[in-house]
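The values are calculated or read from the model by the stated rules, or taken from the named source; none is laboratory data. What you see is a predicted model; the values in this text were computed from it and never measured. So basically every Cβ, Gly included, is an ideal-geometry build from the backbone, and we count neighbours across all protein chains shown. Ligands, DNA and RNA are stripped out before the accessible areas are found, and what is left, the full protein with its side chains, is counted by its heavy atoms. Shrake-Rupley method; radii C 1.70, N 1.55, O 1.52, S 1.80 Å.
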Amino acid sequence: MSIEASTKADERYQLTQLKEQLAEALGDDGPAYWSALRDFVHGRLNRQEFDFYAYLYLSDEKAKLHNQFILATIHNAQSGQAPPEGERSQGFEGRKKRKHEDAERAAD
């Protein structure tokens, strides 16, 4: 599914499909990427800090998937439509130690 596909303003994108595509593309870097993204959204990372991890984990193709996922998420938040029943993110729930923190220490 592509974010470029025409969608009415009140329709939702299938985030699960986009997230699965991005997760598959990220491979072993997935948990660290999702952790960094979650920390950015929650205000624990600023834009500059998140950009460091984005450049670390996202190639051009992965960045395209990331952008599609972010735009679809924003679209869905503004659509006024509730998510489908039972749709829940799986596979990247919280971790005790964030991998991106280890990457930052290694970069120093």
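Cβ-Cβ contacts under 6 Å between residues 6 or more apart (or on different chains), taken from a first residue in segment 20-32 that is touching a residue at least 40 places away in the same chain (Cβ under 8 Å) to a second residue that is open to solvent by 40 Å² or more (accessible area, probe 1.4 Å) and assigned to a helix (DSSP H, G or I), are listed as ALA25/LYS62; PRO31/LYS99; ALA32/LYS99. Among residues of segment 55-84 that are in a helix (DSSP H, G or I), those with a Cβ under 8 angstrom from a residue that is among the basic types (Lys, Arg), sequence gap 6+ or separate chain, pair up as PHE69/LYS19; HIS75/ARG12; ASN76/ARG12; SER79/ARG12. When ARG44, ARG38 are checked against the criterion of being of a type outside the set (Ser, Thr, Tyr) and part of a loop (DSSP other than H, G, I, E, B), a single residue qualifies: ARG44. Looking across segment 35-66, just one residue is at pLDDT 95 or above, polar (S, T, N, Q) and within 18 Å of LYS19 (Cβ to Cβ), and that is SER35.
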